[in-house]
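The values are calculated or read from the model by the stated rules, or taken from the named source; none is laboratory data. It should be emphasised that the depicted structure is a prediction, and the values quoted were computed from it without experimental measurement. Every residue, glycine as well, gets a Cβ built from its backbone with ideal geometry; the counts of neighbours run over all protein chains shown. In case anyone asks, the SASA skips ligands and DNA or RNA and just uses the protein heavy atoms, side chains included. Shrake-Rupley method; radii C 1.70, N 1.55, O 1.52, S 1.80 Å.
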Amino acid sequence: MIYLDNAATSHRKPVSVYSSMIKNTVFGGQNAGRGAHKFSLAGVHTIVDTQDAIAELFNISKPENIAFTQNATYALNTAIRGVIRKGDHIIATEMDHNSVLRPVYEYEDYTIVKANSDGIVSPKNIEEAIKGNTRLIISTHASNVCGTLQNVNEIGRIAKKHGALFLIDTAQTAGCTDIDVKKINADFLAFSGHKGLMGPLGTGGLYIKDPSVIKPIITGGTGSNSESTHQPDFMPDMFHSGTMNTPAIAALGKGVKYVLKHKADNIGMYERYLADILESELKNMRNIKLYGEGDKIGIVALNIGDLDSVYVEKMLGDRFAVRGGFHCAPLAHKALDTLSTGIVRVSFGAFSKKREITKFVDRIYQISKSSLG
């Protein structure tokens, strides 16, 4: 199978990630902070080491302000639910994932800013949506549907100007785009560990600039302040309730170090290079629709005429791993006018090969030709 679904998860990882998982599962797997013996302390060192690597990648001054979560969804929920109080106003966008939209819909006062037909949200429209009680502005960095990049530097500047907190969702960009929390003015940064950072499934995290503005949504044993009935108020313990998945966190650290070595922008340029080749081939075909213009990551969003995207995915069979459907982002499909068909998403990764494109294009041509009769 040719794997072209890296927006869901990176299938191939660096060898160091696999070896770390095996080593730390068989010979490690310590319960961090549960004891003063060397095994428990080794677990703490594992967490700190990965925090340091992520801090370097995102230009974070305080690595301890990075809390590990099960995934980006958990990180986004932690930020939204931990910050919003009764009477607060939230701003999100049509290009946001359901990991943002579903928790936001649970609150009374929110504004969803529209995107244009290319999936781009105007920062000006976000600024116009700000009210006196706006507490949190949320934006995805890049669409998981069509790959368009948002102007998060300008959105962050606007949030700071108006005294609102800014949460950026980097699930699709961490590891393939240069991200600097200081330039973005990010108060919170949610990241996925298993996509561009090439860590194991079930990893992610949340950077919190100022822990005093947020409350943990889960409390419990942290291995610290155990004599107290209250959750610790210091990072990262206030968000690290329960046993940490130290083998996965250790392997995530290896993935991050791979990205640091090869540079996120270099990886992203390679992925976009492959996407540009594919798009140029598809533009020469009749009956092919492409979605999203402007600055993009290595995602190609397409449809064949009016064929249902899930049907096209099935027609690609077992030879190509892509994703059809609605990608957990219904409002993005509204903006792109694909609510009736969904979208076939092709997403490249650091280990994708140019030669795979030719085989994929040939198969798309066959499906397109047959659909025209």
Accessible-area order (highest first, 1.4 angstrom probe) of the listed residues LEU339, LEU201: LEU201, LEU339
- line: Looking only at lysines whose Cα falls under 21 Å of LYS254's and that sit 8 or more positions away or on another chain, we get LYS13, LYS23, LYS62, LYS195, LYS263
- prompt: Where the only charges are on Cβ atoms (+1 Lys, Arg; -1 Asp, Glu), what is the dipole of the stretch 57-104 about its Cα centre, to the nearest 20 debye?
  reply: 200
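Of all the accessible heavy-atom surface of the stretch 1-155, with the other protein chains kept in place and a 1.4 Å probe, what percent is carbon and sulfur? Working shown, then result.
Values: 3660 of 6860 Å².
In the stretch 1-155, the share of accessible area belonging to carbon and sulfur is 53 percent.
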Label-to-label distance, nm, for residues given as VAL26 and HIS230 (7 Å Cα→Cβ offset): 4.7
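Please get the size of the charge dipole for the chain, origin at its Cα centre, with Cβ charges of +1 on Lys and Arg and -1 on Asp and Glu, quoted in debye to the nearest 20.
Numbers: 42 positive and 37 negative charges, 154 e Å.
Magnitude of the dipole: close to 740 debye.
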- prompt: So what's the gap between the Cα centers of the stretch 74-92 and the stretch 315-373, to the nearest angstrom?
  reply: 34
task: Could you pull the accessible area for ASP276 with a 1.4 Å probe, rounded to 10 Å²?
output: 80
field: Helix-derived mean residue ellipticity, 222 nm - over the chain, DSSP H n ≥ 4, -39500 (n - 2.57), to 500
entry: -11000 deg cm²/dmol
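Can you give the longest stretch of the chain with no exposed loop site, where a site means GluC sites (Glu not before Pro) in a DSSP loop (not H, G, I, E or B) with at most 13 other C-beta atoms within 10 Å? Don't skip to the end; give the middle numbers.
Numbers: sites that count: GLU106, GLU108, GLU227, GLU293.
Here the longest segment lacking exposed loop sites spans 109-226.
Explain nothing, just the number: dipole magnitude of the stretch 166-305 about its Cα centre with +1 on each Lys and Arg Cβ and -1 on each Asp and Glu Cβ, in debye rounded to the nearest 20. Don't skip to the answer; put the middle values down first.
Working: 14 positive and 15 negative charges, 80 e Å.
My answer is approximately 380 debye.
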field: Highest-first arrangement of 133-146, 298-311, where packing means the average Cβ count within 10 Å
entry: 133-146, 298-311
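In the chain, what percentage of the DSSP-assigned beta bridges are antiparallel, given to the nearest 5?
Numbers: 20 of 39 bridges.
Close to 50 percent.
Mean Kyte-Doolittle of at least -0.5 plus a Cα span of 20 Å or more along the axis: flag which DSSP H helices in the chain meet both, please. Mind dumping the intermediate values first?
Numbers: long enough: 38-58 (30 Å, 0.59); 246-262 (24 Å, 0.39); 264-282 (27 Å, -0.18); 355-371 (25 Å, -0.66).
Going by DSSP H runs, the hits are 38-58, 246-262, 264-282.
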- line: Regression test value, accessible area per residue of the chain, probe 1.4 Å, units Å², expected 44
- request: Mind checking which lysines have their Cα closer than 26 Å to the Cα of LYS114? Skip sequence neighbours fewer than 8 apart in that chain.
  value: LYS86, LYS124, LYS131, LYS160, LYS161, LYS183, LYS289, LYS296, LYS334
- prompt: Between ASN116, VAL213, ALA55, whose Cα lies farthest towards the positive end of the dipole of the chain when Lys and Arg beta carbons carry +1 and Asp and Glu beta carbons carry -1, centred on the Cα centre?
  reply: ALA55
field: With all protein chains modelled, accessible area of MET269 [1.4 Å, Å²]
entry: 120
- prompt: Label-point separation (nm) for ASP276 and VAL15, each offset 7 Å from Cα along Cα-to-Cβ?
  reply: 3.1
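Tell me whether the chain comes out rounded, prolate or oblate; compute the Cα gyration tensor, take square roots of the eigenvalues as a ≥ b ≥ c, and use a/c under 1.5 as the rounded threshold. Write down the numbers at each step before the final one.
On the way: a/c = 2.18, a/b = 1.34, b/c = 1.62.
Oblate.
What is the calculated FRET efficiency for SER61 to VAL310, with r their C-beta to C-beta distance and R₀ = 41 Å, to the nearest 0.05? It would help to have the intermediate numbers written out before the result.
On the way: r = 45 Å, r/R0 = 1.10.
According to the calculation, E is roughly 0.35.
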Estimated distance in nm for a label pair at ARG81 and ASN287, the labels positioned 7 Å out from Cα along Cα-to-Cβ: 4.7
query: Leaving out same-chain residues fewer than 8 places away, which aspartates and glutamates sit with a Cα under 14 Å from that of LYS283?
result: GLU293, ASP362
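Give the calculated FRET efficiency between GLU108 and ASP295 to the nearest 0.05, with a Förster radius of 35 Å applied to their Cβ-Cβ distance. Numbers along the way, then the final one.
Working: r = 35 Å, r/R0 = 0.99.
Efficiency, rounded to the nearest 0.05: 0.50.
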- prompt: At a Förster distance of 22 Å, what's the computed FRET efficiency of ILE217 paired with SER40, Cβ-Cβ distance as r, to 0.05?
  reply: 0.30
